[in-house]
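Below you'll find the structure, written out as structure tokens, and then a few comments.
The values are calculated or read from the model by the stated rules, or taken from the named source; none is laboratory data. As the structure is a computational prediction, the values presented were derived from the model and not from experiment. In this analysis, Cβ positions are derived from the backbone assuming ideal geometry, glycine residues included, and neighbour counts consider all displayed protein chains.
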């Protein structure tokens, strides 16, 4: 049952609705103290005296478990007990694997430790202790920062609980901040150089594309024209005994064939010119561009791990 207070131009009505949406009880606050509650038909007639009152009732959403649908009370109890036992067993396995992982960490076996902590996360993916151990083993006791530059790892840390993030950043955050500052200093001049070189190539490549586009259009139109003339002259063969229609047809056919050959040659050049122009806009088209792309990917990983930096926004705007 849900109670809702409705106010309508100075009139307050307290409405109680049951689970199926019917009116269980309603009280008019304007009525004398101790007055009877408004219910059923009486409430509807009282409301009709004034302006119409509109209201909506929102019931809280309940968690829906498909496995529990249609079970009897005894079956439901049994299913809940089974889940509780399974949850308890999973917690025991998780704690066992975490303890083994810690022993492997102390022994310096980081690969084995990471595997054990990863297995513990299978039983409880939200375990902060297992996540901390996985990061410590993954980074070899927080001495190797290379895992932070792997996008999958960076996304995993970005979505980790705040407790885990604080722990990891307390161990490696200062070094990662220094690495990000170094990347920004390296990316700025390199990005400017890449953009400048790209702009310089863009003009020449556009001229090249235009050169082939014009010639492709000219020879394509010429081929079409000669083919039309060929058809026209062929219509005169049966109408005149002279040989000039045949001669004209031969000439038009030869010119059409020559035009088609040049059309195909320039069309291939146009396709290649368009491809060059498109590749020029990609970072991987040049060595400096590939280097810039690699540095940008590293910076993106650090952004996920550390959060956005003011220097990055300035770099993006430039």
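Observations on the model:
- Among (1) in contact with a helix residue (DSSP H, G or I) (Cβ under 6 Å, 6 or more places away or on another chain); (2) touching a residue at least 60 places away in the same chain (Cβ under 8 Å); (3) loosely packed, with under 15 Cβ neighbours inside 10 Å, the one test that residue 211 misses: (1)
- Meets criteria (surrounded by 16 or more Cβ atoms within 10 Å (Cβ to Cβ) and either touching a strand residue (DSSP E or B) at 6+ places or on another chain (Cβ under 6 Å) or in contact (Cβ under 8 Å) with a residue 40 or more places away in the chain (or both)) for residue 270: yes
- The residue of the stretch 272-310 that is modelled with the lowest pLDDT, among those that are within 17 Å of residue 185 (Cβ to Cβ) and over 24 Å from the mean Cα position of the chain (by Cα), is 288.
- All helices (runs of 4 or more DSSP H) inside the stretch 102-221 with 3 or more residues being within 29 Å of the chain's Cα centre (by Cα) and within 30 Å of residue 83 (Cβ to Cβ): 110-123, 128-138
- So residue 85, is it assigned by TED's automatic domain parsing to the domain that holds residue 154 and free of Cβ contacts under 8 Å to residues at least 24 places away in the same chain: yes
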